[in-house]
1. Would you confirm whether or not the stretch 54-77 contains a residue that is at pLDDT 90 or above, within 20 Å of A121 (Cα to Cα), out of contact with any strand residue (DSSP E or B) (no Cβ under 6 Å at 6 or more places or on another chain) and not hydroxyl-bearing (S, T, Y)?
2. Considering only residues of the stretch 6-41 that are aliphatic (A, V, I, L, M), outside any helix (DSSP H, G or I) and within 16 Å of T111 (Cβ to Cβ), which is modelled with the lowest pLDDT?
3. Counting just the residues of the stretch 129-147 that are out of contact with any helix residue (DSSP H, G or I) (no Cβ under 8 Å at 6 or more places or on another chain) and at pLDDT below 95, which one comes out surrounded by the fewest Cβ atoms within 10 Å (Cβ to Cβ)?
4. Look through V158, V150, V183 and report the one residue that is on the phi < 0 side of the Ramachandran plot and surrounded by 22 or more Cβ atoms within 10 Å (Cβ to Cβ).
5. Output the residues belonging to the stretch 42-53 that are surrounded by 19 or more Cβ atoms within 10 Å (Cβ to Cβ) and either at pLDDT below 95 or in a loop (DSSP other than H, G, I, E, B) (or both).
6. Name the pairs: first residue in the stretch 167-180 and open to solvent by less than 70 Å² (accessible area, probe 1.4 Å), second residue at pLDDT below 90 and not polar (S, T, N, Q), Cβ to Cβ under 8 Å, at least 6 apart or on different chains?
7. Find all pairs meeting these conditions: Cβ atoms under 8 angstrom apart; at least six residues apart or on different chains; first residue within the stretch 129-140 and closer than 13 Å to Y164 by Cβ and part of a helix (DSSP H, G or I); second residue open to solvent by 10 Å² or more (accessible area, probe 1.4 Å) and of a type in the set (D, E, K, R).
8. Which of the residues spanning the stretch 118-151 are basic (K, R) and over 23 Å from A36 (Cα atoms)?
Amino acid sequence: MDHRDASAVPGSGGLRLRRWREEDLPALLEAYEDPAMRRWLATQVSGADGAADWLEAQRRGWATGTRFAFAVTEAATGAGQEGGPVGAPLGNIVLKRPDPRNDCAEVGYWTTAAARGRGVASRALTALTDWAFAEFAERGLARLELLHQVDNEASCRVAEKCGYALARVIPALPPDYPLDGHVHVREAPVVALSRPAGRRAEAAGTGGGRASGR
């Protein structure tokens, strides 16, 4: 199956990862009004035009095979938890692989205020990690990295809970990155690496790499 036609990805505890849709625009705008999102995320979204541009960037990422963003939702039927509608985004989880020849890719996420404290980030990250290593094993994906600002202790805990060990500290790069950053790494399972290679309370989210946002 071509990864561009990948169906929704199931997660534990009733989570479901699906592609972002145009009807998610109001939920996206509401999510970015959260002060925690403004604190931790390098890329910000403001206004309907900004949200539309963000959604278009995710669509373009899937089309080019360089960025695979999923809305994190609940798969259960009936009334959503916390009074929200079923299928409404609880967050965003993304795999970024701008150079398919590289054996390393980056993961990142954010969660809405209502979703925090429920294990959403760790369950979504686990689902994305399993999907990425399964989907791209034969294309040579061997390692995933997760980056966050050094003072984002909650994201540190999420990373370690999901098997992403702290690998190194990268220096601050003001003004966009005023503090040092942590780089967490998870290696592909041995079974995936053995295949033929084709050719690198929960937090609001991760600040991500130097040149790309969530």
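1. yes
2. Here the residue is L41.
3. E138
4. V158
5. The answer is A42, V45.
6. Correct list of pairs: Y177/A42; Y177/G207; Y177/R210.
7. If the second residue must be open to solvent by 10 Å² or more (accessible area, probe 1.4 Å) and of a type in the set (D, E, K, R), the pairs left are T129/R186.
8. R139, R143
The values are calculated or read from the model by the stated rules, or taken from the named source; none is laboratory data. Just so you know, these numbers come straight off a predicted model, no measurement behind them. In this analysis, Cβ positions are derived from the backbone assuming ideal geometry, glycine residues included, and neighbour counts consider all displayed protein chains. Surface accessibility is based on the protein's heavy atoms, side chains included, excluding ligands, DNA and RNA. Shrake-Rupley method; radii C 1.70, N 1.55, O 1.52, S 1.80 Å.
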